[in-house]
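Participant: Provided herewith is a single structure, encoded as structure tokens, for subsequent inquiry.
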Amino acid sequence: MFRSFTSAISLTFLAIFLSACSSLGTNTKTSIAESIQKIPFPSPASEQRVIIYNHGITRPQQLEPCFMSYNNPPESLRALSDKRTLVYKLCSTATEAPAITSAGRQVYLRKIEINFAIDAFLARGVLPKHLFLAGHSNGAWTSLMMMRDVNKRFNGAIAFAPAFAGKRSEVRFAPWWRRTIRPKQIKEMLTSPDMDALVFAYENDPYNRPQELQFLANNYPLVGSSGVDLVSYDCGLRNAHQTFRKDCRFAETSQRIQRFINKQIATWK
């Protein structure tokens, strides 16, 4: 009995220790602000449009190699880069501990990083109505999670295949992710009074198909310039999660993004 008690105590302390290992890494408010301060603006700050792009991740417990080409913004976003529009890739260094009690914590750490970046662009004189979030997979999910904190600090989100809690097929191996943590974050996401977002969801995506993201459109129906525009299609790729990189509707996607940005700016209140 004593051995069982001490084992339980040991496991408890191990869980606490592992939870404490979650970290923002090398990203700080100062480091992000300094990197943004060095970016040349092709337009006056008050006219500059900025899209903060948040890449996907392989595993939340390990540092994502941001420098890899697959973590770059997709061509449909880069095509918008001109004198008025800057696409900034925010390299996340956030990781979470390999403990069940830490599951999902990395999303909240990424939200802190995004807030640091928003602060830095606003400090440089970029207007909130010209500031947008974008992302793929975990980065897209985190961008949508930011909508409850928008508070007139940015003007909407562009989400490519938002995903969190692993693949659908992995639920039997780690059920707490999709059956506990994911519903918890969805519930939190839906506390946002408004959500203006352009969401691309792909058929046969191993993480979230359109039907797994329908809750967004159901709770925030597109009415005029407000709500979630959920766009779904199938390019026939083996890995549908990467459709945004090999987009069979590339031209249409870029046009949709441009229309979304223009609409949001024009209707900003």
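The values are calculated or read from the model by the stated rules, or taken from the named source; none is laboratory data. Just so you know, these numbers come straight off a predicted model, no measurement behind them. Every residue, glycine as well, gets a Cβ built from its backbone with ideal geometry; the counts of neighbours run over all protein chains shown. Remember, those area values only see protein heavy atoms, side chains included, never the ligands or the DNA or RNA. Shrake-Rupley method; radii C 1.70, N 1.55, O 1.52, S 1.80 Å.
Participant: Looking only at GluC sites (Glu not before Pro) in DSSP loops with at most 16 other Cβ atoms within 10 Å, what is the longest site-free stretch of the chain?
Facilitator: That would be 48-202.
Participant: I want to check a number: in the chain, how many lysine pairs have alpha carbons closer than 18 Å, given a sequence separation of 8 or more or different chains?
Facilitator: Lysine pairs, 8 or more places apart or on different chains, close enough: 16.
Participant: Related question: Which of the trypsin sites (Lys or Arg not before Pro) found in the range 150-244 are in a DSSP loop and have at most 12 neighbouring Cβ atoms, other than their own, within 10 Å?
Facilitator: LYS152, ARG172, ARG238
Participant: Compute the relative contact order of the chain as a whole-number percentage, counting only Cα pairs closer than 8 Å that sit 6 or more residues apart in sequence.
Facilitator: Taking the mean separation of contacting Cα pairs over the length of the chain, I get 18 percent.
Participant: For the range 45-129, which trypsin sites (Lys or Arg not before Pro) pass both filters: DSSP loop (anything but H, G, I, E, B) and at most 16 other C-beta atoms within 10 Å?
Facilitator: Taking the range 45-129 and a limit of 16 other Cβ atoms within 10 Å, the loop trypsin sites (Lys or Arg not before Pro) found are LYS83, ARG84, ARG124.
Participant: What number comes out for accessible area per residue over the range 97-207 if the probe is 1.4 Å? Units Å², please.
Facilitator: Each residue of the range 97-207 exposes 36 Å² on average to a 1.4 Å probe.
Participant: What part of the accessible area of the chain, given as a whole %, is carbon or sulfur when the probe is 1.4 angstrom?
Facilitator: Carbon and sulfur: 56 percent of the exposed surface of the chain.
Participant: Among DSSP bridges having both ends in the range 141-269, what percentage is antiparallel? Round to the nearest 5.
Facilitator: Just about 10 percent of them are antiparallel.
Participant: In the calculated pair distance distribution of the range 158-269, what percentage of Cα-Cα distances lie above 18 Å?
Facilitator: Looking at the range 158-269, the distances longer than 18 Å represent 54 percent of pairs.
Participant: Say a site is exposed when it is one of the chymotrypsin sites (Phe, Trp or Tyr not before Pro), sits in a DSSP loop, and has at most 10 other Cβ atoms within 10 Å; what is then the longest site-free stretch of the chain?
Facilitator: Longest run free of exposed loop sites: 68-172.
Participant: Please give the charge dipole size of the range 64-167, origin at the Cα centre, charges +1 on K and R Cβ atoms and -1 on D and E Cβ atoms. Round to the nearest 20 debye.
Facilitator: The calculation lands at about 300 debye.
Participant: Work from the charge dipole of the chain (Cβ charges, +1 for Lys and Arg, -1 for Asp and Glu, about the Cα centre) and give the residue of ASN115, SER225, THR101 farthest towards its positive end.
Facilitator: THR101
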